[in-house]
Number of protein chains: 2
Amino acid sequence: MCGTVSIVDHIELASVCKALGDPTRVRIFQFLLECCCPVALEEDGDVRPANGPTVGEVCCQVTGIDKITSTISFHLKELRQSGLITMEKQGKHMICGINREALARLADYLNEASKRSTCC
Amino acid sequence: MCGTVSIVDHIELASVCKALGDPTRVRIFQFLLECCCPVALEEDGDVRPANGPTVGEVCCQVTGIDKITSTISFHLKELRQSGLITMEKQGKHMICGINREALARLADYLNEASKRSTCC
DNA sequence: CACACATTTCGAGAACTGTCGAAACGATGG
DNA sequence: CCATCGTTTCGACAGTTCTCGAAATGTGTG
């Protein structure tokens with residue numbers, strides 16, 4: 001066959017893509033991309049937990065309303081279940097973050113696919 | 001902002017991802033990846049049209065039935081409208097191919113996103 | 001022209017998805 | 001412990017998507 005791919009089956013690829021297949025979810029995702037610092041490792045040698053916005057902040061940014069809606073909660077769940085984002089409880093809050101590894105895997109898969117040049 | 005991205009708005013990204021957000025379409029897509037030679041340019045200096053399977057062959061591969069179903073036709077239309085695949089009439093047949101450029105753009109976007117390392 | 005073949009379109013039904021408001025849950029502070 | 005805050009879950013509804021079979025379209029062939 002034409003080389004190994006990182007995303008194995010139809011189902012997994014479909015599930016990740018489906019998660020990004022809704023405009024509201026893409027907006028959430030892009031907001032998280034902009035405002036989440038990746039986990040810091042170097043400076044203090046310690047793994048620092050994700051440093052991102054709370055669900056309320058995501059809501060506020062995406063809907064413009066300063067109130068958590070069940071709709072955003074629903075979309076966050078979809079994104080989390082697909083593995084694209086992470087969510088971590090911190091006291092009263094849920095901190096959202098990008099799962100850069102999942103993202104990189106998807107990018108690699110598509111990049112490899114776009115460059116495949118010979119027939120099998 | 002954090003650098004330009006190739007895929008502009010939520011809608012476009014969502015639309016491409018949505019097209020890949022169905023297991024049947026992913027199977028079609030992966031079959032096309034495996035069996036479509038990219039357009040040949042170098043050897044004869046001529047642009048050769050896409051060299052891929054017909055709709056019937058896609059159907060046969062994906063459904064196992066040697067008969068074109070309206071379902072596959074529907075999914076091919078979705079993929080074509082999202083820009084991920086190309087279809088070209090050749091006599092009686094429609095030849096399907098991968099749009100590697102669209103694929104590369106998506107891969108670039110995701111790759112850049114996965115590497116973004118600073119806050120805005 | 002009539003026919004067979006490759007494919008798309010249409011219409012209908014079932015299944016799924018996105019949205020909303022209300023209720024429930026869990027953590028924290030008084 | 002009660003109230004409150006941040007968040008999720010639930011139930012309902014409208015809208016969309018997927019699938020199927022039948023009919024329509026287009027294209028080469030006798």
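General remarks:
- When residues in segment B:57-75 are screened for being out of contact with any Cys (no Cβ under 7 Å at 6 or more places or on another chain) and surrounded by 15 or more Cβ atoms within 10 Å (Cβ to Cβ), 7 of them pass.
- Residues being more than 16 Å from DNA strand D (Cβ to nearest atom), of a type in the set (D, E, K, R) and either away from every other protein chain (no Cβ under 14 Å) or within 18 Å of A:Glu34 (Cα to Cα) (or both) - total across segment B:64-120: 4
- Across segment A:8-25, the number of residues qualifying as among the aliphatic types (A, V, I, L, M), outside any helix (DSSP H, G or I) and modelled with pLDDT under 95 comes to 1.
- The set of residues in segment B:87-120 being surrounded by fewer than 21 Cβ atoms within 10 Å (Cβ to Cβ), in a strand (DSSP E or B) and in contact with a strand residue (DSSP E or B) (Cβ under 7 Å, 6 or more places away or on another chain) consists of B:Met87, B:Glu88, B:His93, B:Met94, B:Ile95, B:Gly97.
- Selected residue (criterion: nearest to DNA strand C (Cβ to nearest atom)) from residues of segment A:80-94 that are closer than 13 Å to A:Val58 by Cα and hydrophobic (A, V, I, L, M, F, W, C): A:Met94
The values are calculated or read from the model by the stated rules, or taken from the named source; none is laboratory data. Just so we're clear, the structure is a prediction, and the values are computed from it rather than from any experiment. Note: ideal-geometry Cβ built from the backbone for every residue, glycine included; neighbour counts use all protein chains shown.
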